[in-house]
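To keep things clear, I will list the structure first and then write my remarks on it.
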Amino acid sequence: PPVPISAHRPLAGIRVLDLTRVLAGPYCSMILGDMGADVIKVERPGGGDETRQWGPPFAAEDSVYFLSVNRNKRSVCLDFGQPAGADLVRRLSRRCDVLLENFNPGLIYCSISGFGQSGPWRRRAGYDVAAAAIGGFLGITGEPDGPPVRAGVAVTDLSTGLYALSAILAALYRRRTAESLGEVGRGCWIDANLLDTQVATMSHVAASFLHTGQEPSRWGTGHANLAPYQAFDTSDRRQLILGAGNDRQFGVLCRRLGAPHLATDPRFLSNRLRVANRTSLIPLIQALVRARPLADWLAALEGSDLPYGPVNTVAEALASPPVADPASGLLVTCEHPAAGRVTAPGPAVRFDGRRGEVTRPPPRLGEHTDEVLGELLDCGCEELLELRRGKVIA
């Protein structure tokens, strides 16, 4: 029977076959699950997705890393390197709308790789840090006089997952639109990869180089095109982010800092002048900020309509009111059959005021093998037993 579609579960009735592993693909399929899709995660026997072992920390037999990006999925454990296993994948794909990583003509399948499905590097293994390095992201990240620095989270992996997600949603919309017009709703092959994502998200930085030929610098917390727009030290050895995106904001900032004269200083009348005279402006602001503790500045800047905030630790960020408030729904807790209560960041967007639902905890390896093969392929007990004897499923 048709699955009811609600505002916060817009993909209810869509089935996704997920053959991906590690981060970019699983992050994409998790969000599809958050939106209501039935996600079937296929893993190999003997360990499954290797991130199950990426720790510490661990929660029972699986790593928290794995648990954080695999909710709202069912796990099927099968060896698709064997002919019988490959046949099961083909049969499952015929019952699905999206394949993450060919088969039926209405299927939308998305390959997520390091360097794409064509070109000289198509067979090269790709992880986040390699693509970030090759794509130029590491080269512009870090302090001006320091070495390149890896970002604190796998930005390239996560961004690739989001690019893949948006492409899948567009393909689903195109297919459904064609069907609504009485046409054949055809699928498509989506090629998402880490390097293309990294280069695309270099955006204005890459565009500036292509226009000027000048190699971008590393700016620490600063910004090549705006001043002020960076972290400043406070008297209690904390850091405060302050920014001014336009001349009006710069005037407000100067008044809040107790230095209104800076707004009328000929050197700082426009952003172009402030950037050109950055080496004069930043020390002046730093001297003002260092005179008071962080709490004083947060109180002084309240209601200013400026971009500002403390440089928080992870603990402080997760305890901040917009995040920690249970009504926000940004942190979700589910009951895992082995690990108990597992809490992680939840869906980032709301549909008509409601976030996507967490209906399943991250699955144990092969937890749903019999359920899925029985439900979708009508595999009976004898067939499942034979597949197990042949080590096709586990």
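The values are calculated or read from the model by the stated rules, or taken from the named source; none is laboratory data. Quick caveat: nothing in here was measured; it's all calculated off a predicted structure. Reconstructed Cβ throughout: ideal geometry from the backbone, glycine too, with neighbour counts over all protein chains shown.
So in region 179-222, with the set limited to residues that are in contact with a Pro (Cβ under 7 Å, 6 or more places away or on another chain) and polar (S, T, N, Q), which one is surrounded by the fewest Cβ atoms within 10 Å (Cβ to Cβ)? Here the residue is Ser217. Residues in region 277-298 that are among the aliphatic types (A, V, I, L, M), over 35 Å from the mean Cα position of the chain (by Cα) and under 20 Å from Pro144 (Cα atoms): Leu281, Leu284.
Scoring Glu335 on the criteria (1) exposed (fewer than 13 other Cβ atoms within 10 Å of the Cβ); (2) within 25 Å of Leu240 (Cβ to Cβ) leaves a single failure, condition (2). Filtering region 222-245 to residues that are out of contact with any Phe, Trp or Tyr (no Cβ under 8 Å at 6 or more places or on another chain), polar (S, T, N, Q) and modelled with pLDDT of 95 or more leaves only Ser235.
Evaluating Trp54 against the criteria (1) in contact with a helix residue (DSSP H, G or I) (Cβ under 8 Å, 6 or more places away or on another chain); (2) surrounded by fewer than 24 Cβ atoms within 10 Å (Cβ to Cβ); (3) under 25 Å from Ser93 (Cα atoms) leaves one unmet condition, (3).
Taking the conditions exactly as written (in a loop (DSSP other than H, G, I, E, B) and surrounded by 14 or more Cβ atoms within 10 Å (Cβ to Cβ)), does Arg175 satisfy them or not? Judged against the criteria, Arg175 is not a match. From the list Ala339, Ala344, Ala291, the lone residue that is in contact with a Ser or Thr (Cβ under 8 Å, 6 or more places away or on another chain), under 30 Å from Phe80 (Cβ atoms) and of a type outside the set (Asp, Glu) is Ala344.
On the stretch given as region 338-369, residues that are surrounded by fewer than 16 Cβ atoms within 10 Å (Cβ to Cβ) and among the acidic types (Asp, Glu) total 1.
Applying the condition of being touching a strand residue (DSSP E or B) at 6+ places or on another chain (Cβ under 6 Å) and among the aromatic types (Phe, Trp, Tyr) to region 208-234 and asking which residue is nearest to Ala287 (Cα to Cα) yields Phe232.
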